[in-house]
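Following: one structure in structure tokens, then a few remarks.
The values are calculated or read from the model by the stated rules, or taken from the named source; none is laboratory data. Keep in mind the model is a prediction, meaning the values are calculated, not measured. Because the Cβ atoms are built from the backbone with ideal geometry, glycine has one as well, and the counts that use them run over all protein chains shown. Quick note on the areas: whole protein, heavy atoms, side chains included, nothing else; ligands and nucleic acids left out. Shrake-Rupley method; radii C 1.70, N 1.55, O 1.52, S 1.80 Å.
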Amino acid sequence: MELRYEDLDNIIKKDLKPPVLAYESWIECTSLQDLLAIQYNHNSLHMESLTIRERILGTHCPEVAHPIVFRGAVCADNGRFDRCVALWLHALELRQNNRITVQRDLLRFAQLFSQMIHVDTELKITYVTDVLKATIIELERNKERTIRPGPKGNEWKFN
């Protein structure tokens, strides 16, 4: 951020993207003062870093989803299941948009939903239907791969 404002006559501005609901609609810091204001707020720093990462790497980079899933797992470990689901659904959408298989993500959701039921936390039907929609897409793509397999070695993209 300091480098962006080094030359006050030629400030290097960020090309900000629209806020992502999964990141609590976080808007990226645009000044050093904004950044200093969140320096001790761990959640804000995580949302800032996820936002920056997605802006820089882009939504088509297969590596963008990894830290989103990790942050969601941290939220689940802290009993913030709503935050976990939001983050994991975003990661799931990114992967499916890039045609990356989501088998592990679907298993992760099954485990999360089981944990939520076990600890008597409300499991919203919208969470289940969103995951089921993704499951249908995955099944359709798997069927397509068995009918029309691509070049050998490129049948599956695991993440």
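Quick notes on this structure:
- One residue from 80, 71, 95 being modelled with pLDDT of 95 or more, open to solvent by 60 Å² or more (accessible area, probe 1.4 Å) and among the basic types (Lys, Arg): 80
- Taking each residue of segment 7-22 that is at pLDDT 90 or above and looking for partners that are in a loop (DSSP other than H, G, I, E, B) and among the hydrophobic types (A, V, I, L, M, F, W, C) with beta-carbon atoms closer than 8 Å, six or more apart or interchain, yields 12/3; 16/27; 19/26; 19/27; 20/26.
- Hits in segment 112-149 (condition: touching a residue at least 24 places away in the same chain (Cβ under 8 Å), of a type in the set (A, V, I, L, M, F, W, C) and within 14 Å of residue 80 (Cα to Cα)): 112, 116, 119
- Condition broken by residue 35, with the remaining ones in (1) closer than 18 Å to residue 97 by Cβ; (2) in contact with a Cys (Cβ under 9 Å, 6 or more places away or on another chain) satisfied: (1)
- The set of residues in segment 1-45 being in contact with a Phe, Trp or Tyr (Cβ under 9 Å, 6 or more places away or on another chain) and under 30 Å from residue 76 (Cα atoms) consists of 19, 20, 22, 44.
- Filtered by the rule that a residue be open to solvent by 60 Å² or more (accessible area, probe 1.4 Å) and under 17 Å from residue 107 (Cα atoms), segment 117-129 gives 117, 118.
- Qualifying residues in segment 98-116 (those that are farther than 21 Å from residue 62 by Cβ and hydrophobic (A, V, I, L, M, F, W, C)) - the one surrounded by the fewest Cβ atoms within 10 Å (Cβ to Cβ): 110
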